[in-house]
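Just so it is clear, none of the values below were taken in a lab; they were calculated from the coordinates. Everything numeric here is computed off the predicted structure, so don't read it as measured data. No Cβ is skipped: glycine too gets one built from the backbone with ideal geometry, and neighbour counts run over all protein chains shown.
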Amino acid sequence: MKPVSFKYLKPTGLEEATAILAEYGAEARILAGGQSMMPMLNMRIARPSVLVDINEIVELNYIRASDGAVAIGAVTRQRRLGDDDLIAAQVPVLATALKCMSHPQIQNRGTIVGSICHGDPAAELPAVAIALGAEVTAHSQAGARTIPVADLYRGYYRTTLEPNELVSEVKFPAMPPGCGWSVVEISRRHGDLALAGVVTMIVLDGKEIGQARLACFGLGKAAHRLVEAESMLTGQLASGDLFQEVASIVSSSVKPMDDSHASAEYRRALAAELTQRSLSEAIERAKQGATS
Ligand SMILES: Cc1cc2nc3c(=O)[nH]c(=O)nc-3n(C[C@H](O)[C@H](O)[C@H](O)COP(=O)(O)OP(=O)(O)OC[C@H]3O[C@@H](n4cnc5c(N)ncnc54)[C@H](O)[C@@H]3O)c2cc1C
């Protein structure tokens with residue numbers, strides 16, 4: 001199929017882009033890397049009358065340190081997560097997530113911010129952003145507002161962004177020293193979107209778990225934090241029994257959906273298995289971090 005006809009606009013600055021969005025409102029859609037938008041246009045799932053291509057806004061192509069966080073601009077490609085020194089030093093979980101995602105050709109075009117704004121429930125980056133406590137900055141002609149990624153999703157592919165808003169950047173807080181992390185998933189083929197996945201970050205306090213942050217993807221209408229699991233882990237000694245107990249709580253608390261790829265019941269079973277794997281991997285990394 002071919003897309004419906006649309007007006008194609010290519011602003012070169014943020015102000016010009018927000019002026020276009022103010023003029024056309026819900027008639028307009030933003031095009032970033034196009035790796036989700038182009039299929040949606042071709043299948044006529046998206047039928048904008050105006051397509052706002054933001055790729056010429058070169059000021060939004062960056063990865064930089066910003067007040068204890070790493071800020072990433074809206075046209076920065078996903079592949080940069082794999083070869084950037086700042087990412088490797090401060091938010092290495094992003095490079096791990098990239099290894100689970102899609103294919104190099106898609107990562108060469110797809111943007112980090114685009115993946116977060118798209119809000120696919122099975123995507124890795126929204127879950128990593130939520131586990132890290134990342135925030136996006138949304139711009140409109142009325143000004144800018146900051147939204148925690150944890151508050152960005154309000155359902156299946158639905159966000160709290162207004163049609164006249166453009167996300168200019170996402171800020172990932174630097175991971176604390178000694179933080180162990182893990183991103184694990186099951187997908188039918190490497191590079192496919194996940195059937196289910198879990199992200200874990202753990203900081204040890206002596207022998208106990210001082211801090212635990214967990215989020216999941218593919219296990220509900222949107223990526224979300226696993227708060228109950230976090231509180232069960234905090235202040236405890238890591239053990240196989242504890243991880244099993246936490247995994248069972250995660251499995252019974254998530255609300256996965258049935259679809260053509262897997263049943264909800266299978267996804268629940270994956271949630272338990274992946275939680276245990278993710279906790280074991282993160283704790284091993286945390287132990288190495290604690291001794292290095
Ligand atoms: C074969 C294939 C395999 C894939 N596998 C995976 C995978 O394993 N994991 C995964 O996470 N993804 C996967 N994807 C999706 C891919 O990573 C997309 O790149 C990503 O979901 C969207 O990023 P984009 O820059 O291409 O955004 P686009 O496709 O351009 O836009 C996506 C949506 O976000 C909105 N948007 C984009 N940028 C902004 C902005 N700055 N402000 C406000 N709204 C914005 C757009 O309007 C649109 O609604 C796959 C895609 C394909 C084709």
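See the values below:
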| read-out | value |
| --- | --- |
| Tilt relative to the chain, helix 264-291 - C-alpha long axis, 0 to 90 degrees, to 10 | 70 |
| Integer Hz, Karplus 6.51/-1.76/1.60 couplings in order for the stretch 75-80, x for Gly and Pro | 9, 6, 6, 4, 4, 5 |
| Cα gyration tensor, the stretch 6-85 - rounded (a/c under 1.5), prolate or oblate | oblate |
| Cα long-axis angle, helix 240-253 against the chain (0 to 90 degrees, to the nearest 10) | 40 |
| The chain: C-alpha pair distances exceeding 30 Å, % | 31 |
| Max mean-square fluctuation residue, GNM over the chain, Cα-Cα springs under 10 Å, options I202, I45, I63 | I45 |
| In Hz, Karplus ³J(HN,Hα) per residue of the stretch 139-145 (6.51, -1.76, 1.60; θ = phi - 60°; x = Gly, Pro) | 10, 9, 5, 6, x, 10, 9 |
| Cα-centred dipole magnitude for the stretch 1-134, charges only on beta-carbon of K, R (+1) and D, E (-1), debye, nearest 20 | 560 |
| Peptides 257-270, 19-32 ordered by average Cβ neighbours within 10 Å, highest first | 19-32, 257-270 |
| Order by protection proxy (mean Cβ within 10 Å, highest first), peptides 130-136, 90-96, 250-256 | 130-136, 90-96, 250-256 |
| Note, ³J(HN,Hα) from phi for the stretch 14-28, Karplus 6.51, -1.76, 1.60, rounded to Hz, x at Gly and Pro | 5, 5, 4, 5, 5, 5, 5, 5, 5, 5, 9, x, 5, 6, 9 |
| Test item: Cα-centred dipole of the chain, Lys/Arg +1 and Asp/Glu -1 on Cβ, debye | 680 |
| Anisotropy class of the stretch 161-212 from Cα gyration tensor, a/c 1.5 cut | oblate |
| Charge sum, other residues only, whose C-beta stays under 14 Å from A222's C-beta, Lys/Arg counted +1 and Asp/Glu -1 | +2 |
| Relative exposure of S49, S168, judged by other C-beta atoms within 10 Å (fewest first) | S49, S168 |
| Prolate/oblate/rounded label for the stretch 135-292 (Cα gyration tensor, a/c 1.5) | oblate |
| Structure-based [θ]222 nm, the chain - -39500 (n - 2.57) summed over DSSP H runs of at least 4, per residue, nearest 500 | -10500 deg cm²/dmol |
